[in-house]
Amino acid sequence: MTDDGGEPQQIDLLDDVGVERRYLLHDAFETDGRTYYLVESVDDPEQVLLLVETEAGLESVDGAEFDRVLALLEAEEEGVTDD
């Protein structure tokens, strides 16, 4: 997800307490019928989040689901599938 200049698109998201934070959207993809977003904080590049779209909005993904989804994304980028 890039803007016309090839840079990641900047987006604003609200955190759990309603504070607006700016992120770079690096990727948006669908797997297992769910849409995921890989974002990086503009203010702290060490803060990288994997978010999933739910009926309630976007939620952080962590633990086993984080590892599984990241492995699927990496396999897709390398052209490896389970077909």
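The values are calculated or read from the model by the stated rules, or taken from the named source; none is laboratory data. Here the structure is a predicted model, which is why all the values come from computation and not from measurement. In this analysis, Cβ positions are derived from the backbone assuming ideal geometry, glycine residues included, and neighbour counts consider all displayed protein chains.
Just to be sure before I move on: is Tyr23 under 15 Å from Leu70 (Cα atoms) and either surrounded by 13 or more Cβ atoms within 10 Å (Cβ to Cβ) or of a type in the set (A, V, I, L, M, F, W, C) (or both) in the structure I sent?
On the way: under 15 Å from Leu70 (Cα atoms): no; either surrounded by 13 or more Cβ atoms within 10 Å (Cβ to Cβ) or of a type in the set (A, V, I, L, M, F, W, C) (or both): yes.
Criteria not met by Tyr23.
For region 8-17, check the following and say yes or no: at least one residue is assigned to a strand (DSSP E or B) and either hydroxyl-bearing (Ser, Thr, Tyr) or loosely packed, with under 11 Cβ neighbours inside 10 Å (or both). Yes, that holds for at least one residue.
Every listed requirement among (1) farther than 27 Å from Ala75 by Cα; (2) at pLDDT 90 or above is met by Asp16 save one, (2). Within region 28-44, restricting attention to residues that are exposed (fewer than 15 other Cβ atoms within 10 Å of the Cβ) and acidic (Asp, Glu), which residue is nearest to Leu58 (Cα to Cα)? Checking each candidate, the answer is Glu30. If the condition is being assigned to a strand (DSSP E or B) and over 20 Å from Ala75 (Cβ atoms), then region 19-39 contributes Glu20, Arg21, Arg22, Tyr23, Leu24, Leu25, Val39. Taking the criterion of being outside any loop (DSSP other than H, G, I, E, B), at pLDDT below 90 and within 22 Å of Glu7 (Cα to Cα), the residues of region 40-83 that qualify are Leu70, Leu73, Glu74, Glu76, Glu77.
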